[in-house]
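**Student:** What follows is a single structure, and I will ask about it in a moment.
The values are calculated or read from the model by the stated rules, or taken from the named source; none is laboratory data. Keep in mind that this is a model prediction, so the values were computed, not measured. No Cβ is skipped: glycine too gets one built from the backbone with ideal geometry, and neighbour counts run over all protein chains shown.
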Amino acid sequence: MQSSARLGEIRDKHIGRGSIETHSVMFQSSRRDFLKQTTLAATAVLVSSHSTIAASKPGAAPPPSVPWYRRTLCWGQTNITEMDPESYDIEWWRRYWKRTQTQGVIINAGGIVAYYPSQVPLHHPAERLNGRDLFGELCRVAHADGLMVFARMDSNRAHEDLYRAHPDWFARKSNGQPYKADDLFITCINSPYYQEHIPAILREIIERYHPEGFTDNSWSGLGRNSPCFCENCQKRFRERTGSVIPGERDWNNPLYREWIRWNYERRLEIWDLNNRVTRMAGGPDCIWAGMNSGSIASQAQSFRDYRQICRRAELIMLDHQARAEGDGFQQNGETGKLIHGLLGWDKLIPESMALYQMGKPLFRFASKPEPEARLWMLDGIAGGLQPWWHQVAAYHEDRRRYRIPEPIYQWHKANENYLHNRRPLATVGVVWSQQNLDFYGRDDAGVLVELPWRGMTQALVRARIPYLPVHADDLERDGDGFSTLLLPNLAAMSDSQVAAVRRFVQRGGGLLATGQSSRYNDSGDLQADFALADLFGAHISQTRPDDDEARRRRWATDTVHTYLRLSPELRARVDGPHIKSEPPPSGERHPVLQGFDETDILAYGGMLDPLRLDAGTETLLTFIPASPTFPPEKVWMREPKTDIPGLILNTRPNQGRVAFLPADLDRRFGRDNLPDHGNLLANLVRWTAAGDLPLMVEGHGLIDCHLYSQPGRMILHLMNLTNPGAWRQPVDELIPVGPLRVRIKLQPDVRGKNLRLLVADQKHTGAVKDGWSHFQINSVLDHEVVVLT
Ligand SMILES: [Zn+2]
């Protein structure tokens, strides 16, 4: 540990050199300048008027009646370590807040350690606090600078002195031993620690410092894999069920599922309790907003019911700092859309965005490459998230991180009126539920639930089809906005969810369902037939003796040498050798098989069961069972044809188009990335939507598109994710794409002639025809945002 004098010396030297002050200029790299010039030159052909747009054009301040949590858009956090109090350079950070135009800060207050002199017994002071009131100092200067303050708590664990004084406040394993994380003891969610100790700290901080609100890094206690067997938990569970907490993880045991539900409810009680405490002590706008994840699987592991939390939250503090391994940046935009779908689009979702090398690998002291950090931030903004730069510790020797937020925050400030309070435009709803992840996914949710989701949504991003995640319990409320619903292996469904899907189709909406959709009830019990069998036109034909979950779960994790046969076969129509004795081709292919005219088979990889089909259905794909891949001498199809369906279309008069895809091509695409699977999924979406899609984007590259409307205008985000690092972080170079030819279906109050490019800072003119605006974007480096009026 360096002495504070040494730290100060280094920092002074670093600031004195002026390297930070020039970061925004440094960002304008030669590559970017070159690109801007080429963009300008190329657009001259198309652009009729082309003038510089004042950077500060929008920006009517919201009325004061709008509470702080609805108007604070750009956040920042220096996550304070226990070493920081002796060297925290407040004036330096104040200048940084100003330079980045940060509007709100998250400041460590209490919990594991206190960053102020607390009177709450055994509220452990930070190691180098030495009586300093660091939280108080920071809170005062932030308020003096006009910033909003979230006091940050971490209520997950505590030091040994508290454990010795209150052993009943801590979580215990089945053998009675306390749960520990290094030297700290994990607190129990059902104990007085949450019921009394944390509320006392919240009240003390409010009375002394008046922060606008509170957040908590880790507020929901131990997760599903670490059940607590302490006396508090046993007593509460016994009061509810009459039983002791199940010692075994057994999803087939109703008591275990009850334990899962009981845990979920307790987290909601904590949410409500903390909000009662902070609002009673700090007024109605002094909200408590514990942090939540961007991963539904993580929320499920932590017993945090996203839908129920959003129904009671004024905003979501989203702790989702970087992309997961194997995920693209589009996951961040999707997260914004998913949470807004629960929370409402009028509320805000600040997202913690790491400026250090987060994820895999994790290096807290090293800066994240700027292109990686930019793309993560920008795709989040495209999905309706608000940026929140995040770094750990108040002093850094790798100073490159400081430059990252500044240009994005300045751009955000200049264009903020286009970036929130907007309505997403998408005709495709992708249906999900956390209960499906829990009670169907169980311990295999990664392959059973997440992989089909990822494959389906990736097919949509790849095809530039705007979509919105929609919770299965919100279908009645939100369904009318969609032309088609997609059920990517939405296996566990409640009766009301099934009824909502059925009504949607009866009203003329399309449906694409895959895999085991509607085969389980909402507790995860296998049913004799699909609950939506009438819509699918397909039924379980027989329950095999081995028709158990283990078999299907095994199928989900295997890739076997199976195929799908396209119907009708076209082999005689194309050049190439074929077997003369085969029957001649019959008829034309259905539009959902567009693009596959030169093949009669598609690689598959999964397994399929026979189904019983209703009259009037069309089977476009049939299963070809597994055959050897080695040695080559043995490679031929042992059973080239079956009548086991892989894709069934069911169209009935006065109802929406239904496609049922028992072949789990969404999961296959998520796993294997074969373009045939993505293309077929996109074809099916277009067909079930009866072509009702509001956006067409042509041109090369992986472009994540987000379309919105505001009164009198439409807003299109084009995120350029084309990059060798698209699937493997970090990206270290931005690579431009273009031209992109865009067509947008105009809203009734938008003429569609005038375009503004908020990133290139240009004006364009769109050609309007039959209610669509047509235009071309010549080059996109990382993103472009088009405003149509
Ligand atoms: Zn407990």
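**Student:** Scan segment 393-443 for residues that are part of a loop (DSSP other than H, G, I, E, B) and on the phi > 0 side of the Ramachandran plot and report the count.
**Tutor:** Going through segment 393-443 one residue at a time, the tally reaches 2.
**Student:** Among the numbered conditions (1) outside any loop (DSSP other than H, G, I, E, B); (2) under 30 Å from Asn679 (Cβ atoms); (3) in contact with a Pro (Cβ under 8 Å, 6 or more places away or on another chain), tell me where Glu450 comes up short.
**Tutor:** (3) is the only condition that Glu450 fails.
**Student:** Further, regarding this structure: Only one residue in Asp692, Asp609 is over 24 Å from Val505 (Cα atoms) and among the acidic types (Asp, Glu). Which one?
**Tutor:** Only one candidate qualifies: Asp609.
**Student:** Which of the numbered conditions does Met719 fail, given that it passes all the others? Conditions: (1) within 30 Å of Arg657 (Cα to Cα); (2) buried (at least 22 other Cβ atoms within 10 Å of the Cβ).
**Tutor:** It is condition (1) that Met719 fails.
**Student:** Quick check: is even one residue across segment 246-269 closer than 30 Å to Cys74 by Cα, surrounded by fewer than 23 Cβ atoms within 10 Å (Cβ to Cβ), touching a helix residue (DSSP H, G or I) at 6+ places or on another chain (Cβ under 6 Å) and not small (Gly, Ala, Ser)?
**Tutor:** Within segment 246-269 (the criterion being closer than 30 Å to Cys74 by Cα, surrounded by fewer than 23 Cβ atoms within 10 Å (Cβ to Cβ), touching a helix residue (DSSP H, G or I) at 6+ places or on another chain (Cβ under 6 Å) and not small (Gly, Ala, Ser)), the answer is yes, since at least one residue qualifies.
**Student:** In addition: Across segment 664-692, what is the total count of residues that are among the charged types (D, E, K, R) and either at positive phi or not in a helix (DSSP H, G or I) (or both)?
**Tutor:** Residues in segment 664-692 being among the charged types (D, E, K, R) and either at positive phi or not in a helix (DSSP H, G or I) (or both): 2 in total.
**Student:** Another question about this same structure. Restricting segment 150-184 to residues that are more than 16 Å from Gly111 (Cβ to Cβ) and assigned to a strand (DSSP E or B), which is nearest to the ligand (Cβ to nearest atom)?
**Tutor:** Arg172
**Student:** Restricting to segment 494-515, give me the number of residues that are on the phi < 0 side of the Ramachandran plot and touching a residue at least 60 places away in the same chain (Cβ under 8 Å).
**Tutor:** Of the residues in that region, 12 qualify.
**Student:** Quick check on my filter: what residues within segment 490-513 are surrounded by 19 or more Cβ atoms within 10 Å (Cβ to Cβ) and of a type outside the set (A, V, I, L, M)?
**Tutor:** Correct list: Gln497, Phe504, Gly509, Gly510.
**Student:** Still on this model: Within segment 281-297, identify whether any single residue is free of Cβ contacts under 8 Å to residues at least 12 places away in the same chain, more than 16 Å from the ligand (Cβ to nearest atom), outside any helix (DSSP H, G or I) and closer than 18 Å to Lys173 by Cα, and answer yes or no.
**Tutor:** No, that holds for no residue.
**Student:** Which residue is farthest from Ala281 (Cα to Cα), if the candidates are limited to segment 194-211 and must be of a type in the set (D, E, K, R) and either touching a strand residue (DSSP E or B) at 6+ places or on another chain (Cβ under 8 Å) or more than 16 Å from the ligand (Cβ to nearest atom) (or both)?
**Tutor:** Looking at residues that are of a type in the set (D, E, K, R) and either touching a strand residue (DSSP E or B) at 6+ places or on another chain (Cβ under 8 Å) or more than 16 Å from the ligand (Cβ to nearest atom) (or both), I get Arg208.
**Student:** Moving to a separate point now. Look at Phe214 and say whether it is surrounded by 21 or more Cβ atoms within 10 Å (Cβ to Cβ) and in a strand (DSSP E or B).
**Tutor:** yes
**Student:** Under the condition of being under 17 Å from Ala114 (Cβ atoms) and among the small types (Gly, Ala, Ser), which residue from segment 156-185 is surrounded by the fewest Cβ atoms within 10 Å (Cβ to Cβ)?
**Tutor:** Per the stated criteria, the residue is Ala165.
**Student:** Filter segment 638-680 down to the residues that are of a type in the set (A, V, I, L, M, F, W, C) and within 18 Å of Leu487 (Cα to Cα) and list them by number.
**Tutor:** Filtering segment 638-680 down to residues of a type in the set (A, V, I, L, M, F, W, C) leaves 644, 647-649, 658-661, 663, 665, 669, 674, 680.
Passing the criteria: Leu647, Ile648, Leu649, Val658, Ala659, Phe660, Leu661, Ala663, Leu665, Phe669, Leu680.
**Student:** Which one of these is more than 30 Å from Gly766 (Cα to Cα), among the β-branched types (Val, Ile, Thr) and either modelled with pLDDT of 95 or more or touching a helix residue (DSSP H, G or I) at 6+ places or on another chain (Cβ under 8 Å) (or both): Thr688, Thr722, Thr629?
**Tutor:** On the way: Thr688 fails: more than 30 Å from Gly766 (Cα to Cα); Thr722 fails: more than 30 Å from Gly766 (Cα to Cα).
The match here is Thr629.
One line per residue, one yes/no per condition, for (1) within 30 Å of Ala690 (Cα to Cα); (2) in contact (Cβ under 8 Å) with a residue 40 or more places away in the chain; (3) buried (at least 19 other Cβ atoms within 10 Å of the Cβ); (4) out of contact with any Gly (no Cβ under 7 Å at 6 or more places or on another chain):
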| site | (1), (2), (3), (4) |
| --- | --- |
| Lys368 | no, yes, yes, yes |
| Met377 | no, no, yes, yes |
| His390 | no, yes, yes, yes |
| Val430 | yes, yes, yes, yes |
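**Student:** Just one of (1) within 16 Å of the ligand (Cβ to nearest atom); (2) farther than 24 Å from Met280 by Cβ trips up His124, so point out which.
**Tutor:** Condition (1) is where His124 drops out.
**Student:** Consider only pairs whose beta carbons are under 6 Å apart and that are at least six residues apart or on different chains; among these, list those whose first residue lies in segment 228-248 and is touching a residue at least 24 places away in the same chain (Cβ under 8 Å) and more than 21 Å from Pro167 (Cβ to Cβ) and whose second residue is within 13 Å of the ligand (Cβ to nearest atom) and among the polar types (S, T, N, Q).
**Tutor:** Close Cβ pairs satisfying both conditions: Gly247/Ser174.
**Student:** Output yes when any residue across segment 212-226 is closer than 30 Å to Val120 by Cα, touching a residue at least 12 places away in the same chain (Cβ under 8 Å), hydrophobic (A, V, I, L, M, F, W, C) and within 14 Å of the ligand (Cβ to nearest atom), and no when none is.
**Tutor:** Among the residues of segment 212-226, at least one is closer than 30 Å to Val120 by Cα, touching a residue at least 12 places away in the same chain (Cβ under 8 Å), hydrophobic (A, V, I, L, M, F, W, C) and within 14 Å of the ligand (Cβ to nearest atom), which makes the answer yes.
**Student:** Hey, another quick one. Name every residue in segment 764-783 that is of a type in the set (Ser, Thr, Tyr) and under 13 Å from Gly752 (Cα atoms), in order of residue number.
**Tutor:** Once the filter is applied, which keeps residues that are of a type in the set (Ser, Thr, Tyr) and under 13 Å from Gly752 (Cα atoms), segment 764-783 yields Thr765, Ser773.
**Student:** Here's a follow-up. Please verify whether Ser220 is buried (at least 22 other Cβ atoms within 10 Å of the Cβ) and in a loop (DSSP other than H, G, I, E, B), treating the condition exactly as stated.
**Tutor:** Answer is yes for this residue.
**Student:** To continue, here is another question. Residues Phe229, Phe237: which one is in a helix (DSSP H, G or I), under 26 Å from Asp272 (Cα atoms) and within 13 Å of the ligand (Cβ to nearest atom)? Quick ask: steps written out before the conclusion?
**Tutor:** Details: Phe229 fails: in a helix (DSSP H, G or I).
Only one candidate qualifies: Phe237.
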